[in-house]
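**Student:** Please see the structure below; I have some questions.
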Amino acid sequence: MPESFSHDLSFFRNTAQAETNLKSITNQTQPHDIRFLKRLLDELRPYPNCDDIFNLFERLSRAVIDRIAFFKMLSDTPPTTARLVRLFASSPFIAELMIRDFQYAYFLVRPEYDCRPFDKLEVQQHILRLFHNQTPSLNKVMDALRKIKRREMLKLGIRDYILQDPLEKTVASVSDLAECVLQGALDAQRRDMAPRWGNPETPFCVIALGKFGGGELNYSSDIDVMFVYEEENEYIVNEHRLTHHEYFNRLASGLIAHIAKNTSEGQLYRVDARLRPDGDAGPLARCVSSFLYYYEARGQTWERQMLIKARPVAGDLEFGARFIKRLEPFVYPKTFFQSPLHEVAAMKWRIEEQKSSDHLNIKICPGGIRDIEFIVQALQLIHGGQMTEIRTGNTLKGLKQLFSQKLLSPNEFQTLSSAYIFYRKIEHILQIEKDTQKHTLSGTTDEFTKIAILLGYTNGSTLESVLNENLKSVRAIYLSVFEIDNRATSVFSGLISEVCSEEGIRFLQEHHFTDPDRTHRTIRLLAMGQFPKLYGNSVRECLAELLEILLTDVGQTHDPDSTLAHLERIVAAQPFADMLYRSLSQNAEYRKHLVYLCSLAPGLTQIFCERPSYLDWLQIQLPTWLSTPHQDGQAIYRLTKNLQHIRRLGWVQCALTNRNQPTSPSEPYLYLSKLADHILQTAFSEVLLMEDPIILLGMGKLGGSELSYRSDLDVVWVCSDDADVDHFISQARRVHQRITDHASEGKIYDMDARLRPEGAQAPLVVTLSRYKEYFSSRAMFWEVQSLIKARCIAGSSDLHSQFESWRYEQLRAASKKWNIRQEITSMRERQIREKIKSPADAVYEIKTCRGGLLDIEYLVQGLQLLHGDRLPQSPVHSTVQAINSFTSTGLLLADDASILTTNYYLLRRIEEAAFLLFERKSSRLPSDEKQLAFIANFLEFETRGAFLMRLEQIKESNHRLFLHYLGV
């Protein structure tokens, strides 16, 4: 470093790095060549990100080919240094472009000459020359377009931050550049497709929407587009007949892919085509008549609002203009049956809700850019049918026209226009920094200081104050335009207003809602809908009649806030919310049972979100279900052949009818078992015949007809000795795959076939003789015990009879081969040691702990095996049925049998409650006090403590009886 150069680097945060940068710049450089350095350091000093700027400058100094000439240029043209610092301070992205193509740095010497105003015609001609005298590949054209965009964006950034172009000029130039690039990409895409797909003559156009349509793109905006062609027809290419629909959708898809593709030359644009009819579910390109039919039949207010900005930008622009002209009656009707203000406001509210914590997002926060855009668009929708002068997609032009037509006061016009320009300038700084679609300020002092310098404010505090004042002023105008009065007078209006009234909050608290803010948002969704499906006034009128009684019913559930949120999910999925509200108002029984379903875990009601028509069917079917609890499910089987839906609707039926006091505590488990039987039998019959020499055995809870919501299906496959085992293994796997496959709508059940001889390592299907041989020589006690529950679900009746005779003999002979008491008590002790590791486990576990479900089940099974000689010819599978049979044979005292039965059903109900409320598949209860309180409330215990005390009493009596009857 030249000794004559004195410097102060103390203002850098990382002075060591600054010193390194300085040495790199001055290395092997003469003093007269670095005259710019003092000026550079002086320019850097005010910026809080001066370290980053200096790092970028040092990298640029290494990128240039002739450093001496570059430094001489900086020394001879003093403004150039200041321009570099300002540009690098605003955008590391632009700095990276200059480092990559260092010659662009010389634009800053004479920016008014080298960065002349954007000339759309000149850029179009430049792009056209790409196709002259050669046929470049599609990829080469796209990379050439990326280079053109990169150069032009850099020049626009220089004009914006160095030459201080007005905002209107900058956004128009950025939009014009996007049009030029899009047209070039479209031409290249059509040329590339022509040899294989031809080139139909019908007109085609790309329609810009959003900021692109309004000619007001940001530096890093997505480009919102739709694709339209004139008419549906066929054409012939390479002796193949193709439709316009096929061609133009392929064209649109390819165009989006290549524009959005990232290569070494960067990316052209992110493309968003989701604003088209039917969104992602609809085709990318449609003919004119398809667009018109959609908007006439199903167009919504938000789509009218969106089409205000529609503008043809690529393809046949005259055809595009004619298409947009045909949309005008939809966009700007002469009259509205209902004012669109509520729906527009509802959409804005929903957007704010999605980003409720993003209060520094200047695009969507209250009083931000969207407020201004929605004011303009709402007034255009209401008055555009009569005033053609206000029809424009550009926000600033729209404000001017609304003012000229006296739809905005002078103060409103001035406030909104200046705020819009102010916001967009901040947005540009945020986005050009790293070429990202950023709208949110970090809120740090450094960021406000940097933006303040770039916008000409004295400091960050002043900028923040101006920002807050603009947000406040714009929001006040927004509230007045949309007639939103926060001083609601009725409970209903207080609950759906933007700010919940004190009366509304009191109402919610009196009805046991513990999170009024959350519930207020949910009620707003019930009243307004959510984007893109927004409700009209008729829905709110229906909700007004319903809301008070609905909230009263919801308030009686264990968790009212979550219950209402689950209900809102179902409402949002229905095609006509007002019809559902009327049904709930008029049918109290239907309302109460739907509220009950919504009080359970959301997985149970998810099917009504996925298949809204099932909710109508439920309303029709409910009276029959409630009058004949736990029927055989035939109504569901007639409704659908989808096994996943059958299981899910079956669970809904079981939950509802079990709530309505079943005639017997065993009915829910018997019904769930019959439901699983039907699904297994259906899957079996899809690949096998019932007379085939194979049987599917249900084991465990399935075999005992005691299935719960959380149960797996334990099964064993047995075939005759002369059957083709490999064939039946293949078919059995197909049945398993049918039940457990996660594809499409997910698995129906978990299936477990490990109870077969030799377990998971053995073939899936075993012959009956091998089954018998295994039990006679190698089976363990627990495997003999499992035979108690073995029940034939499907298959050959002859083979079933053979198996059942053999099973009966095995169970009768068990006591001669095994010390039953010793085996069962040892097994239980081992389970307890393995599963119960802490005092908490002993409290919250309900299956494997001492006195848990297994004590009852093993006690019953032990008595069955101990007294096999007293077993009936067809041994019962069910635990409770076995208990009842023991009293008649004197194996159990009547009082003990009653205790075991009562305890068994209560433990099963606890297990059921944990699943219905929280979808817990574990046999361990949640230790969370709130969740335990919910379970206690669901089971009608007064308190959590009373519930836990009763649970402890159950376990104590169960284990006492277990030891009394089976103790060694």
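**Student:** Taking the stretch 659-711 as the search range and keeping residues that are among the charged types (D, E, K, R), part of a loop (DSSP other than H, G, I, E, B) and within 15 Å of I793 (Cα to Cα), which one is most open to solvent (accessible area, probe 1.4 Å)?
**Tutor:** Of everything passing the filter in the stretch 659-711, E691 is most open to solvent (accessible area, probe 1.4 Å).
**Student:** Hey, can you tell me all the residues within the stretch 417-445 that are open to solvent by 10 Å² or more (accessible area, probe 1.4 Å), at pLDDT below 85 and in a helix (DSSP H, G or I)?
**Tutor:** Correct list: E433, K434.
**Student:** Being within 47 Å of the chain's Cα centre (by Cα) and part of a helix (DSSP H, G or I) is the filter here; which residues of the stretch 39-60 pass it?
**Tutor:** L44, C50, D51, D52, I53, F54, N55, L56, F57, E58, R59, L60 - these are the residues of the stretch 39-60 that are within 47 Å of the chain's Cα centre (by Cα) and part of a helix (DSSP H, G or I).
**Student:** Being touching a His at 6+ places or on another chain (Cβ under 8 Å), open to solvent by 30 Å² or more (accessible area, probe 1.4 Å) and not assigned by the TED database to the domain that holds Q556 is the requirement here; does F918 meet it?
**Tutor:** Taking the combined requirement at face value, the residue does not satisfy it.
**Student:** T519 is checked against (1) under 22 Å from the mean Cα position of the chain (by Cα); (2) within 22 Å of F934 (Cβ to Cβ); (3) surrounded by fewer than 17 Cβ atoms within 10 Å (Cβ to Cβ) and fails just one. What number does that condition carry?
**Tutor:** Condition (3) is where T519 drops out.
**Student:** Just for the stretch 393-407: of the residues that are part of a loop (DSSP other than H, G, I, E, B) and in contact (Cβ under 8 Å) with a residue 24 or more places away in the chain, which one is farthest from E303 (Cα to Cα)? Walk me through it before giving the result.
**Tutor:** Initially, the stretch 393-407 is screened for residues part of a loop (DSSP other than H, G, I, E, B), giving 393-394, 405-407.
Right, trim to in contact (Cβ under 8 Å) with a residue 24 or more places away in the chain and you get 393-394, 407.
Working: G393: 14, N394: 17, L407: 23 Å.
So the residue we want is L407.
**Student:** Is it true that A144 is free of Cβ contacts under 8 Å to residues at least 24 places away in the same chain and out of contact with any Cys (no Cβ under 8 Å at 6 or more places or on another chain)?
**Tutor:** Details: free of Cβ contacts under 8 Å to residues at least 24 places away in the same chain: yes; out of contact with any Cys (no Cβ under 8 Å at 6 or more places or on another chain): yes.
Yes.
**Student:** Considering the stretch 305-337 alone, what residues qualify as being open to solvent by 50 Å² or more (accessible area, probe 1.4 Å) and either of a type in the set (F, W, Y) or assigned to a helix (DSSP H, G or I) (or both)?
**Tutor:** Residues of the stretch 305-337 open to solvent by 50 Å² or more (accessible area, probe 1.4 Å): 311, 316-318, 321-322, 325-326, 329, 334-337.
L317, E318, A321, R322, K325, R326, P329, F336, F337, listed by residue number.
**Student:** Then there's this: What residue, among those in the stretch 246-271 that are of a type in the set (D, E, K, R) and touching a helix residue (DSSP H, G or I) at 6+ places or on another chain (Cβ under 8 Å), is most open to solvent (accessible area, probe 1.4 Å)?
**Tutor:** R250
**Student:** Another question, then. Just to be sure before I move on: is S838 without any contact (Cβ under 8 Å) to a residue 60 or more places away in the chain and either open to solvent by 40 Å² or more (accessible area, probe 1.4 Å) or touching a helix residue (DSSP H, G or I) at 6+ places or on another chain (Cβ under 9 Å) (or both) in the structure I sent?
**Tutor:** Working: without any contact (Cβ under 8 Å) to a residue 60 or more places away in the chain: yes; either open to solvent by 40 Å² or more (accessible area, probe 1.4 Å) or touching a helix residue (DSSP H, G or I) at 6+ places or on another chain (Cβ under 9 Å) (or both): yes.
Taking the combined requirement at face value, the residue satisfies it.
**Student:** Right, next: Could you please find all residues in the stretch 197-237 being among the β-branched types (V, I, T) and either open to solvent by less than 10 Å² (accessible area, probe 1.4 Å) or touching a Lys or Arg at 6+ places or on another chain (Cβ under 9 Å) (or both)?
**Tutor:** Step one: filter the stretch 197-237 for residues among the β-branched types (V, I, T), giving 202, 206-207, 223, 225, 228, 236-237.
Correct list: V206, I207, I223, V225, V228, V237.
**Student:** Which residue, of K930, K955, is surrounded by fewer than 16 Cβ atoms within 10 Å (Cβ to Cβ) and of a type outside the set (S, T, N, Q)?
**Tutor:** K930
**Student:** Give the stretch 52-83 a look and list any residue that's among the aliphatic types (A, V, I, L, M) and either open to solvent by 70 Å² or more (accessible area, probe 1.4 Å) or not assigned by the TED database to the domain that holds R39 (or both), or say none.
**Tutor:** I65, I68
**Student:** Among the residues that make up the stretch 457-480, is at least one of them within 30 Å of V271 (Cβ to Cβ) and not assigned by the TED database to the domain that holds C50?
**Tutor:** No - not one qualifying residue is present in the stretch 457-480.
**Student:** Between residues in the stretch 787-816 that are more than 15 Å from K772 (Cα to Cα) and residues that are surrounded by fewer than 16 Cβ atoms within 10 Å (Cβ to Cβ) and among the polar types (S, T, N, Q), which pairs lie under 8 Å by C-beta distance while being six or more apart or on different chains?
**Tutor:** These pairs meet every condition: I793/Q681; A794/Q681; A794/S685.
**Student:** Now for a separate question. Would you check which residues across the stretch 875-900 are of a type in the set (V, I, T) and in contact (Cβ under 8 Å) with a residue 24 or more places away in the chain and list them? Working first, answer last.
**Tutor:** So in the stretch 875-900, the residues of a type in the set (V, I, T) come out as 876, 879-880, 883, 887, 889, 899.
Within the stretch 875-900, T879, V880, I899 qualify.
**Student:** Looking at the stretch 541-550, is at least one residue in contact with a His (Cβ under 9 Å, 6 or more places away or on another chain) and open to solvent by 20 Å² or more (accessible area, probe 1.4 Å)?
**Tutor:** No: the stretch 541-550 contains no residue that is in contact with a His (Cβ under 9 Å, 6 or more places away or on another chain) and open to solvent by 20 Å² or more (accessible area, probe 1.4 Å).
**Student:** Would you pick out the residues in the stretch 809-827 that are open to solvent by less than 70 Å² (accessible area, probe 1.4 Å), in a helix (DSSP H, G or I) and not acidic (D, E)?
**Tutor:** Q810, L811, A813, A814, S815, I820, I824, T825, S826, M827
**Student:** Can you report the number of residues in the stretch 717-769 which are in a helix (DSSP H, G or I), under 45 Å from the mean Cα position of the chain (by Cα) and under 17 Å from L697 (Cβ atoms)?
**Tutor:** Going through the stretch 717-769 one residue at a time, the tally reaches 10.
**Student:** When the stretch 850-870 is examined, which residues are found to be open to solvent by less than 10 Å² (accessible area, probe 1.4 Å), more than 17 Å from Q810 (Cα to Cα) and not β-branched (V, I, T)?
**Tutor:** Result: G851, G852, L853, D855, L859.
**Student:** Kindly provide the set of residues from the stretch 625-647 that are touching an Asp or Glu at 6+ places or on another chain (Cβ under 9 Å) and modelled with pLDDT of 85 or more, ordered by number.
**Tutor:** Answer for the stretch 625-647, where residues must be touching an Asp or Glu at 6+ places or on another chain (Cβ under 9 Å) and modelled with pLDDT of 85 or more: N642, Q644, H645.
**Student:** Can we say S786 is surrounded by fewer than 12 Cβ atoms within 10 Å (Cβ to Cβ) and polar (S, T, N, Q)? I'd like the intermediate steps shown before the answer.
**Tutor:** Working: surrounded by fewer than 12 Cβ atoms within 10 Å (Cβ to Cβ): no; polar (S, T, N, Q): yes.
So S786 fails the test.
**Student:** Are there helices (runs of 4 or more DSSP H) fully within the stretch 869-968 with at least 3 residues that are charged (D, E, K, R) and over 30 Å from L656 (Cβ atoms)? List them.
**Tutor:** Ranges flagged: 944-966.
**Student:** Still on this structure: Does Q619 satisfy the condition of being under 30 Å from E940 (Cβ atoms) and assigned to a helix (DSSP H, G or I)?
**Tutor:** yes
**Student:** Another question, if that's okay. On the basis of being assigned to a helix (DSSP H, G or I) and among the polar types (S, T, N, Q), does Q414 make the cut?
**Tutor:** Considered against the rule, which asks whether it is assigned to a helix (DSSP H, G or I) and among the polar types (S, T, N, Q), Q414 comes out as yes.
**Student:** Only one of K772, K847 is in contact with a helix residue (DSSP H, G or I) (Cβ under 9 Å, 6 or more places away or on another chain), open to solvent by 20 Å² or more (accessible area, probe 1.4 Å) and not in a helix (DSSP H, G or I). Can you tell me which?
**Tutor:** On inspection, the qualifying residue turns out to be K847.
**Student:** Would you list the helices (runs of 4 or more DSSP H) that sit entirely within the stretch 488-550 and hold 2 or more residues that are among the small types (G, A, S)?
**Tutor:** Helices (runs of 4 or more DSSP H) meeting the threshold: 491-496.
**Student:** Still on this structure, I have one more. Does F212 qualify as being modelled with pLDDT of 90 or more, outside the structural domain of H439 (by the TED database) and over 28 Å from R151 (Cβ atoms)?
**Tutor:** no
The values are calculated or read from the model by the stated rules, or taken from the named source; none is laboratory data. All figures in this text were calculated on a predicted structure; none of them were measured in a lab. Methodologically, a virtual Cβ is constructed for each residue, glycine included, from the backbone with ideal geometry; neighbour enumeration extends over all protein chains shown. Ligands, DNA and RNA are stripped out before the accessible areas are found, and what is left, the full protein with its side chains, is counted by its heavy atoms. Shrake-Rupley method; radii C 1.70, N 1.55, O 1.52, S 1.80 Å.
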